[in-house]
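*Asks:* Before anything else, here's the structure in question.
The values are calculated or read from the model by the stated rules, or taken from the named source; none is laboratory data. Predicted model only: the values in this text are computed from it and were never measured. Neighbour counts are summed over all protein chains in view; Cβ atoms, including those assigned to glycine, are modelled from backbone coordinates with ideal geometry.
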């Protein structure tokens, strides 16, 4: 068995150990560095890409079989790789399932007694950032996706149908998030949506309130289409403040 304190000098992993020791001023954990190296390899490969056989990866990392298998198990838990056994088998890259992380984050919020107002405050900031980013898109055709929220006919339907009104708000939020092209924004917005769905929340909105909210939505959409990032952020903040007034968490 190879002595793990002296990995092969021609191994790319050996170089990582030297770099870590230089940066930290001491010996680094070979397991931790193996995990880092294997994670980088998996993330740099396409979904389902072949990473190598066990023997090839052990040689590439320059670690013992037990250390490699422990590192591989940790990455399996992160959903970054999967193993196929038998002919044509080996280690393959895997794209993590974002929905699992979102579900876990939502559960943690519930366990820590998060309230709808807590998440609404964060949602205000995220929506404003998404609106600002969408308005800065250089391609006018992309911003034009918000034009559907400017129509008066859709507003009339939303005024008379509370369920359709709620759908319009979700559609606006989703469109702005998509246009932001920011994966972090998308993830946190989805966490907010998931957490909100886990609570018993009522929205007591009368027709006059819906009319004011729809006016804010229309002005927000207009600002994004016109590429006015500052006005888009301002209108998003006004819309969020107005929406927060309606959230009422039902009693247990």
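*Asks:* Just checking, which of 93, 158, 128 is in contact with a helix residue (DSSP H, G or I) (Cβ under 7 Å, 6 or more places away or on another chain) and in contact (Cβ under 8 Å) with a residue 60 or more places away in the chain? Step through it out loud before you land on a result.
*Replies:* Working: 93 fails: in contact (Cβ under 8 Å) with a residue 60 or more places away in the chain; 158 fails: in contact (Cβ under 8 Å) with a residue 60 or more places away in the chain.
So the residue among 93, 158, 128 that is in contact with a helix residue (DSSP H, G or I) (Cβ under 7 Å, 6 or more places away or on another chain) and in contact (Cβ under 8 Å) with a residue 60 or more places away in the chain is 128.
*Asks:* Considering only the stretch 74-90, state which residues are without any contact (Cβ under 8 Å) to a residue 40 or more places away in the chain, part of a loop (DSSP other than H, G, I, E, B) and closer than 17 Å to residue 37 by Cβ. Don't jump to the end; show me each part of the working.
*Replies:* Quick first cut of the stretch 74-90, residues without any contact (Cβ under 8 Å) to a residue 40 or more places away in the chain only: 74, 76-79, 82-89.
Pick out the ones that are also part of a loop (DSSP other than H, G, I, E, B) and you get 78-79, 85-89.
Within the stretch 74-90, just 78 meets the criteria.
*Asks:* Next question, about the same structure. Looking at the stretch 133-169, which of its residues are surrounded by fewer than 21 Cβ atoms within 10 Å (Cβ to Cβ), modelled with pLDDT of 90 or more and within 16 Å of residue 189 (Cβ to Cβ)?
*Replies:* Listed by number, the list holds a single entry, 133.
*Asks:* Any residue at all in the stretch 82-95 that's under 21 Å from the mean Cα position of the chain (by Cα), closer than 30 Å to residue 53 by Cα and exposed (fewer than 15 other Cβ atoms within 10 Å of the Cβ)?
*Replies:* Kept after step one, since they are under 21 Å from the mean Cα position of the chain (by Cα), are these residues of the stretch 82-95: 93-95.
Within this subset, residues satisfying the condition of being closer than 30 Å to residue 53 by Cα are 93-95.
When the remaining residues are screened for being exposed (fewer than 15 other Cβ atoms within 10 Å of the Cβ), the result is 95.
Among the residues of the stretch 82-95, at least one is under 21 Å from the mean Cα position of the chain (by Cα), closer than 30 Å to residue 53 by Cα and exposed (fewer than 15 other Cβ atoms within 10 Å of the Cβ), which makes the answer yes.
*Asks:* Look at the stretch 32-73 and say how many of its residues are in a loop (DSSP other than H, G, I, E, B) and over 19 Å from residue 85 (Cα atoms). I'd like the intermediate steps shown before the answer.
*Replies:* At the first step, the residues of the stretch 32-73 found to be in a loop (DSSP other than H, G, I, E, B) are 44-49, 53, 62-64.
Those left that are additionally over 19 Å from residue 85 (Cα atoms): 44-46, 62-64.
Counting residues in the stretch 32-73 that are in a loop (DSSP other than H, G, I, E, B) and over 19 Å from residue 85 (Cα atoms) gives 6.
*Asks:* Among the numbered criteria (1) under 22 Å from the mean Cα position of the chain (by Cα); (2) assigned by TED's automatic domain parsing to the domain that holds residue 187; (3) in a loop (DSSP other than H, G, I, E, B), which single criterion is violated by residue 138?
*Replies:* With (1) under 22 Å from the mean Cα position of the chain (by Cα); (2) assigned by TED's automatic domain parsing to the domain that holds residue 187; (3) in a loop (DSSP other than H, G, I, E, B) applied to residue 138, the lone miss is (1).
Conditions tested, residue by residue: (1) in the same structural domain as residue 241 (by TED's automatic domain parsing); (2) at pLDDT 90 or above.
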{"site": "55", "(1), (2)": "no, yes"}
{"site": "58", "(1), (2)": "no, yes"}
{"site": "80", "(1), (2)": "no, yes"}
{"site": "83", "(1), (2)": "no, yes"}
{"site": "87", "(1), (2)": "no, no"}
{"site": "120", "(1), (2)": "yes, no"}
